[in-house]
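Structure first, then comments.
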Amino acid sequence: MISIPHKTKHFLVLLLKVLIVGGAFYFIYNQLATNDKLDWGQFITKFNKNKSVLGIGFLLLLSVLNRYFEILKWQNLASHIKPISVGEATKQVLAALTAGIFTPNGVGEYAGKALYYDKQETKQVIFLNLICNGIQMVLTVIIGLFGLVYFNAQFHVIATQTVALLFGALVLLFVLLFLIKKITIKGYSIAKLIDKINEIPKRIHQKNILLGICRYLVFSHQYYFLFLAFDVDIPYWTLMAAVTSVYFLASSLPTFQFLDFAVKGSVALFFFGILGVNEWIVIFVSTLMWFLNVVLPVLIGSYYVLNFKTQKSS
């Protein structure tokens with residue numbers, strides 16, 4: 001095995017850090033500077049009309065709470081390996097978010113967190129991160145389905161037969177998964193996955209679900225309050241049904257973190273277009289959600305990436 005000199009290794013690690021942070025900043029700038037659908041003139045006019053220190057503070061608080069609940073989720077799950085402080089969990093979550101911003105579906109996030117642990121714990125860290133993200137996906141699907149049904153009942157976007165077919169397909173999928181759970185492919189099976197999940201104490205799972213619900217309520221209502229800030233007057237349940245539907249459908253599409261607002265924005269244009277909301281408002285709300293919940297945490301995460309030290313050198 002070829003041994004890499006210490007100075008060379010140190011330089012390569014530094015180069016990787018700079019590439020990650022530089023790439024993250026480039027993608028953020030590129031999306032904000034080249035999006036011709038962002039009408040900054042209308043935004044500034046609306047902002048000057050409705051600006052409020054309390055309102056801005058409240059929206060920023062929701063962003064902090066959104067990421068804070070994610071940090072608590074990871075602290076809770078990581079305790080299955082070893083107890084970590086909120087500060088350490090913050091470092092791992094934000095650094096991993098920065099590392100995953102330009103990878104498909106945030107895959108780089110898994111590797112980012114694993115770097116903070118010993119090599120023999122890598123598989124366990126990746127599995128726990130899968131559980132962390134998985135519960136958020138499950139909640140998004142379940143709540144989103146109810147939101148989609150409610151929205152569809154009012155506006156008949158999808159035919160009743162199609163809705164019934166979708167639910168039937170989901171039920172059939174669960175039945176099939178149950179029937180084939182013991183079938184092993186290359187040493188892996190659904191039964192083994194369930195056993196692996198059951199190895200984690202119930203209290204950790206319960207706390208993970210509770211924190212996942214809290215996080216979902218925070219970011220979905222942040223979306224809602226942003227629409228209110230742009231003077232969108234739509235009944236609460238109708239607007240929330242549209243928001244949950246957007247998250248449900250957008251989460252099912254493969255994407256990159258830095259394109260998250262574009263994907264959610266395109267799906268949101270369809271739903272909020274039905275509600276008669278101006279296109280530029282939908283685009284700006286989606287962009288602001290992305291900026292508040294991805295860009296700002298990535299800026300902080302960049303500091304942790306640049307100050308990262310491997311387990312061996314720490």
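So, in nm, how far is label F167 from label N278 when the simple model puts each one 7 Å beyond its Cα toward the Cβ?
Modelled inter-label distance: 3.9 nm.
What figure, in Å² to the nearest 10, do you get for the accessible area of M137 with a 1.4 Å probe and non-protein molecules left out?
Number for this one is 80 Å².
A 19 angstrom limit on the alpha carbon distance is what I want to check against. Which of K73/K202; K123/K202; K73/K113; K113/K309; K51/K264 exceed it?
Checking Cα-Cα distances, K123/K202; K51/K264 exceed 19 Å.
Between D195 and F146, what length comes free when the chain is fully extended (0.36 nm per residue of separation minus the Cα-Cα distance, one decimal in nm)?
That works out to 14.7 nm of additional length.
With a 1.4 Å probe and all protein chains kept in place, how do T244, T162 rank by accessible area, largest first?
Correct descending sequence by accessible area is T162, T244.
Please list 70-80, 294-304 highest first by mean number of surrounding beta-carbon atoms within 10 Å per residue.
Final packing ranking: 70-80, 294-304.
Show K113, K91, K51 ordered by accessible area, largest first, where the area counts protein heavy atoms only and the probe is 1.4 Å.
Heavy-atom accessible area, descending, gives K51, K91, K113.
Could you check the simple spin-label distance between H205 and A153, using points 7 Å along Cα→Cβ, in nm with one decimal?
If labels sit at H205 and A153, their model points lie 3.1 nm apart.
The values are calculated or read from the model by the stated rules, or taken from the named source; none is laboratory data. Note that this is a predicted model, so its numbers are computed, not measured. Ideal geometry is used to build each Cβ from the backbone, glycine not excepted, and the neighbour counts take in all protein chains shown. Heads up: the accessible areas ignore ligands, DNA and RNA and are worked out on the full protein's heavy atoms, side chains in. Shrake-Rupley method; radii C 1.70, N 1.55, O 1.52, S 1.80 Å.
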